[in-house]
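Q: Next up is a structure, given as structure tokens.
The values are calculated or read from the model by the stated rules, or taken from the named source; none is laboratory data. Everything numeric here is computed off the predicted structure, so don't read it as measured data. Virtual Cβ from ideal backbone geometry, glycine too; neighbours counted across all protein chains shown.
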Amino acid sequence: MSKAYVEAESQLMKRFETYLSQNLPQAQSFHPVYENALCDMLLAGGKRFRPMLLLSIVDAYEPMLYDGAMSVAMALEMFHTYSLIHDDLPAMDDAPLRRGHKTLHIRYDEVTAILVGDALNTDAFLYIAKAPLREDIKIKLITLLAQNGGSQGMVLGQAIDCYFENKSLNLEQIKILHTHKTAKLIAASLQMGAVIVGLDSKVQKALYDFGIDLGLLFQIQDDIIDEMQTSKEAGKPTGNDGNKNSFVNLLGLEKALQEADMLAKDLQRRFETFDEKLRIALQPLMTTYLYRHH
């Protein structure tokens with residue numbers, strides 16, 4: 001990948017990190033920890049994968065809309081962060097670490113973690129509503145986030161994941177689980193970028209479908225990382241997928257690696273059918289994530 005690609009991507013990331021740190025949710029009160037807790041997980045780093053997908057598309061087609069799109073990208077990161085906070089709760093994964101930091105229920109308490117997740121979920125829609133974009137665009141963006149993040153999307157995936165934790169699913173069922181739990185929000189991030197810059201519905205659909213498979217690849221890679229890396233390397237507990245319906249548990253490591261490679265090759269082939277602006281926009285992210293288990 002050319003140095004220019006890397007620098008452009010790094011600039012986008014820096015601009016987003018600056019925006020995030022200057023636009024954190026605020027809620028001053030006499031509560032001793034609530035406002036800090038709202039911001040802790042947002043400031044704990046992370047790949048910022050979803051906001052960067054959206055912003056890369058906006059930057060490629062309509063750089064003038066970039067600043068206006070920033071609060072929508074922030075909304076995606078807040079929504080994703082809420083899902084991680086809730087995923088880590090004792091009732092779900094009971095995880096002590098996330099992004100190399102103590103999880104909120106460990107750092108504070110379970111009530112704080114639940115309420116911070118609730119707040120970030122709701123505030124995500126407020127950030128979209130307040131974006132300096134056309135009203136009809138904002139309604140479409142809110143709809144996409146709700147459809148892909150709510151009862152028919154990410155939450156459904158999480159419900160299936162938790163309910164079937166000690167029961168074996170087949171490959172098709174595991175794909176349905178992770179399509180909802182992980183892939184739909186990634187697909188929505190791409191489509192939301194396309195909506196902001198006014199790409200036609202055919203391109204939007206191609207991007208959304210691409211995002212679904214990219215999300216599945218992401219999940220298979222995560223399962224592989226859980227199997228192959230230490231907790232320190234991954235920044236979160238690993239080796240704890242024993243009861244879960246992971247691709248590695250179903251297929252074994254070797255077959256999971258083959259599945260990931262097959263999916264990555266298919267995504268690369270489809271990526272090459274995108275127009276030049278789109279390819280330039282997404283190239284750095286593709287290079288970083290398409291083969292990240294190698």
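Q: Do any helices (runs of 4 or more DSSP H) entirely within segment 223-271 hold 1 or more residues that are at pLDDT 85 or above, out of contact with any Leu (no Cβ under 8 Å at 6 or more places or on another chain) and buried (at least 19 other Cβ atoms within 10 Å of the Cβ), and if so, which?
A: 247-251, 253-271
Q: Continuing with this model, one more query. I'd like the full set of residues that are touching a Leu at 6+ places or on another chain (Cβ under 8 Å) and either under 19 Å from residue 199 (Cβ atoms) or not aromatic (Phe, Trp, Tyr) (or both), limited to segment 279-294.
A: 282, 285, 286, 290, 293
Q: Taking residue 204 and the conditions (1) surrounded by fewer than 22 Cβ atoms within 10 Å (Cβ to Cβ); (2) at pLDDT below 95, which numbered condition does it fall short on, given that it satisfies the others?
A: Only one criterion is unmet by residue 204, namely (2).
Q: So, one more: Restricting to segment 107-126, name every residue that is in contact (Cβ under 8 Å) with a residue 60 or more places away in the chain, under 25 Å from residue 65 (Cβ atoms) and more than 16 Å from the chain's Cα centre (by Cα).
A: 123
Q: As an exercise: evaluate residue 125 against (1) closer than 20 Å to residue 19 by Cβ; (2) surrounded by fewer than 18 Cβ atoms within 10 Å (Cβ to Cβ) and give the number of the one condition it does not meet.
A: (2)
Q: Give the number of residues within segment 190-202 that are over 16 Å from residue 62 (Cα atoms) and either of a type in the set (S, T, N, Q) or touching a Phe, Trp or Tyr at 6+ places or on another chain (Cβ under 9 Å) (or both).
A: 1
Q: Please go through segment 159-176 and pick out each residue that is under 16 Å from residue 223 (Cβ atoms) and within 18 Å of the chain's Cα centre (by Cα).
A: 161, 175, 176
Q: When segment 272-294 is examined, which residues are found to be farther than 15 Å from residue 210 by Cβ and either of a type in the set (A, V, I, L, M) or not in a helix (DSSP H, G or I) (or both)?
A: The answer is 280, 291, 292, 293, 294.
Q: Out of the residues in segment 42-94 that are in contact with a strand residue (DSSP E or B) (Cβ under 7 Å, 6 or more places away or on another chain) and assigned to a loop (DSSP other than H, G, I, E, B), which is surrounded by the most Cβ atoms within 10 Å (Cβ to Cβ)?
A: Ranking the candidates gives 88 first.
Q: To continue, here is another question. Report, by residue number, each residue of segment 272-285 that is more than 18 Å from residue 11 (Cβ to Cβ) and surrounded by 15 or more Cβ atoms within 10 Å (Cβ to Cβ).
A: 274, 278
To keep it simple, each residue is scored yes or no on (1) of a type in the set (A, V, I, L, M); (2) loosely packed, with under 15 Cβ neighbours inside 10 Å; (3) at pLDDT below 95; (4) closer than 23 Å to residue 206 by Cα.
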{"site": "144", "(1), (2), (3), (4)": "yes, no, no, yes"}
{"site": "150", "(1), (2), (3), (4)": "no, yes, no, yes"}
{"site": "154", "(1), (2), (3), (4)": "yes, no, no, yes"}
{"site": "159", "(1), (2), (3), (4)": "yes, yes, no, no"}
{"site": "168", "(1), (2), (3), (4)": "no, yes, yes, no"}
{"site": "181", "(1), (2), (3), (4)": "no, no, no, yes"}
{"site": "184", "(1), (2), (3), (4)": "no, no, no, yes"}
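Q: Is it true that some residue in segment 35-48 is touching a helix residue (DSSP H, G or I) at 6+ places or on another chain (Cβ under 7 Å), at pLDDT below 95 and not aliphatic (A, V, I, L, M)?
A: yes
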